[in-house]
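The values are calculated or read from the model by the stated rules, or taken from the named source; none is laboratory data. Treat the numbers as computed from the prediction; the structure is a model and nothing was measured. Positions of Cβ are backbone-derived with ideal geometry, glycine not excepted, and every protein chain shown enters the neighbour counts. Ligands, DNA and RNA are stripped out before the accessible areas are found, and what is left, the full protein with its side chains, is counted by its heavy atoms. Shrake-Rupley method; radii C 1.70, N 1.55, O 1.52, S 1.80 Å.
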Amino acid sequence: MTDDNGKDYIEGMSGLWCTALGFGNERLAEAAARQIRDLSFYHGFNQKSHAPQIELAERLLGLAPVPMSKVFFANSGSEANDTAFKLVWYRSNAIGTPEKKKIIGRVKGYHGVTIAAASATGTPINHQAFDLPIDRSCTLTVPTMLVAQNLVKAKSNIQRVWPKISTPLLSRKARTPLWPLLQNPSWALAGF
Amino acid sequence: MAFIAEPVMGAGGVLTPPTSYFEKIQAVLNKHDVLMIADEVICGFGRTGNMWGSETYNIKPDIITCAKALSSGYIPISAVLINDTVYQLIAQQSAGLGSLGHGFTYSGHPVAASVALETLDIYEEMGLVETVQEISPVLQNGIRAFADHALVGETNGVGMLAVAELVSNKNTGEAFPSEKRVGPHLLDRALEHGLIVRALGDRIAFSPPLVISKVKIEEMFKRFGKALDDTKKWLETDQ
């Protein structure tokens, strides 16, 4: 990377965890130019589709770490996560458990800035003054993964530590659908 | 209900999970019919040393979200992968309603999809996972070499993700007060030495391109070392 004074930098973060192939890859530039000439735009509504979208969906299904069935495309990680949550809610209604709609995130977890994705994100700065999180999300406050790492390091007795870290959670007004989860001590062992 | 997690927490500070963390969580999720969503936006496509972070940490997600390296960041595109059990229920529900009322104008945009396809072609031709597995020890050993530095507490990472935590007391691991802004100070010193990294609090994160060379990684850490030394001097004179 070069700034406007001509000074060179090493980009140690791939931009924002993005440029796996570095910068200025010619093949990617060509692929974009080719596609703009060939079919500049088409959408996926009203039973329409097009070759690049279908092909990409098939490629992703082939790469998936577990058997997957369908792919939905969006434009950012935030939108992808919001979509995932909406599908979870849709499913809850389909199976007749409309009360089970919580999205459980983690302290320090980051999932984006759209309304639902930001709600599942566990950093106060993404909530403050935005009136987030929404009530359908729940970021488990304690214990965090850091606590879990420290427990592992200290080889602490989980039975001794669990009441201490679970009390703040359990003393809050119980969110009914979450209750069985929070009562299970293996959450603590697992790192919550 | 669903639980969402990044295999390795990214913006939270490059936090890797303890061994068997996700296995234990998923046992509870399965028991209570809570879906597992793996947020692979950062970890997906080789970043952790496997194609997916879910492989590195033995996660069996019902839903996967991915973006960023899907197009090497060249063009905005993300994807949601769902398994067949989830799909059948959604199909059933939308059949009843007449349509699934969700989709973006630019969903699967042909230009973005083509760039993503070309990206996946390049990954396949270069042997993405093998490339990462070959180069990542340089990054992991490099970051751990800073464990002896007076300002550095924890060093950690996996694959092509690495982090060094700045601490005020090496022995106790005590953090700097956040108002001291030690992380941001180090970023400025790094810029002076020609290095762009990110401070997540006082955790300095590295996530270089997966195609970076050994020489470039060594140069990157040389510059980081200079920024660390400058920051140490600043702290000493600032006391």
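Can you say whether A:A57 is crowded, with 19+ Cβ neighbours inside 10 Å and more than 7 Å from chain B (Cβ to nearest Cβ), as far as the supplied structure shows?
Numbers: crowded, with 19+ Cβ neighbours inside 10 Å: yes; more than 7 Å from chain B (Cβ to nearest Cβ): yes.
In short, yes.
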Confirm whether B:D33 is more than 7 Å from chain A (Cβ to nearest Cβ) and surrounded by fewer than 21 Cβ atoms within 10 Å (Cβ to Cβ). yes
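From the residues in the range A:1-28 that are farther than 30 Å from B:K226 by Cα and open to solvent by 50 Å² or more (accessible area, probe 1.4 Å), which one is farthest from the other protein chains (Cβ to nearest Cβ)? Talk me through it step by step, then tell me what you get.
Step one: list which residues in the range A:1-28 are farther than 30 Å from B:K226 by Cα, which gives A:25-28.
Add one more test, that the residue is open to solvent by 50 Å² or more (accessible area, probe 1.4 Å), and what stays is A:26-27.
Numbers: A:E26: 10, A:R27: 6 Å.
It comes out as A:E26.
Which ranges mark the helices (runs of 4 or more DSSP H) fully within the range A:1-97 that have 1 or more residues being among the acidic types (D, E)? Break it down into steps so the answer makes sense when it comes.
Working: elements: A:14-17, A:26-38, A:51-63, A:77-94.
Output list reads A:26-38, A:51-63, A:77-94.
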Which count do you get for residues in the range B:57-98 that are outside any helix (DSSP H, G or I), among the small types (G, A, S) and at negative phi? 3
Could you count how many residues in the range A:127-151 are at pLDDT 85 or above and of a type in the set (A, V, I, L, M)? 3
Could you tell me whether any residue of the range A:64-80 is under 17 Å from B:L100 (Cα atoms), out of contact with any helix residue (DSSP H, G or I) (no Cβ under 8 Å at 6 or more places or on another chain) and of a type outside the set (D, E)? yes
Go through (1) open to solvent by 40 Å² or more (accessible area, probe 1.4 Å); (2) more than 7 Å from chain B (Cβ to nearest Cβ) one by one and return the number of the condition A:I36 breaks. (2)
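Got at least one residue in the range B:42-61 being closer than 21 Å to A:G96 by Cβ and modelled with pLDDT of 95 or more? Don't jump to the end; show me each part of the working.
Quick first cut of the range B:42-61, residues closer than 21 Å to A:G96 by Cβ only: none.
Looking through the range B:42-61, none of the residues is closer than 21 Å to A:G96 by Cβ and modelled with pLDDT of 95 or more.
Residues are listed down the side, and each one gets a yes or a no for (1) in contact with a helix residue (DSSP H, G or I) (Cβ under 6 Å, 6 or more places away or on another chain); (2) in the same structural domain as B:F221 (by TED's automatic domain parsing); (3) without any contact (Cβ under 8 Å) to a residue 40 or more places away in the chain:
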site: B:A113; (1), (2), (3): yes, no, yes
site: B:L139; (1), (2), (3): yes, yes, no
site: B:R144; (1), (2), (3): no, yes, yes
site: B:G157; (1), (2), (3): yes, yes, no
site: B:L166; (1), (2), (3): yes, yes, no
site: B:E174; (1), (2), (3): no, yes, yes
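For the range B:52-68: of the residues being under 21 Å from A:M13 (Cβ atoms) and open to solvent by 10 Å² or more (accessible area, probe 1.4 Å), which is farthest from the other protein chains (Cβ to nearest Cβ)? Before the answer, list the steps.
Within the range B:52-68, the first condition is being under 21 Å from A:M13 (Cβ atoms), and the residues that meet it are B:52-53, B:56, B:65-68.
Filter once more, so that each one left must be open to solvent by 10 Å² or more (accessible area, probe 1.4 Å): B:56, B:68.
Details: B:T56: 10, B:K68: 5 Å.
Once the filter is applied, the top-ranked residue is B:T56.
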So B:S168 clears everything in (1) open to solvent by 30 Å² or more (accessible area, probe 1.4 Å); (2) in contact with a Lys or Arg (Cβ under 9 Å, 6 or more places away or on another chain); (3) closer than 30 Å to A:N81 by Cα except one condition, right? Which one? (3)
Restricting the range B:79-131 to residues that are facing chain A (nearest Cβ under 7 Å) and among the hydroxyl-bearing types (S, T, Y), which is surrounded by the fewest Cβ atoms within 10 Å (Cβ to Cβ)? B:T105
Would you check if there is a residue in the range B:224-238 being within 11 Å of chain A (Cβ to nearest Cβ), free of Cβ contacts under 8 Å to residues at least 60 places away in the same chain and within 22 Å of the chain's Cα centre (by Cα)? no
Mind telling me which of the residues A:K48, A:K101, A:K70 ends up being of a type in the set (D, E, K, R) and loosely packed, with under 15 Cβ neighbours inside 10 Å? A:K48
Against the definition (within 15 Å of B:Y106 (Cα to Cα) and in the same structural domain as A:V113 (by TED's automatic domain parsing)), how does A:A80 come out, yes or no? yes
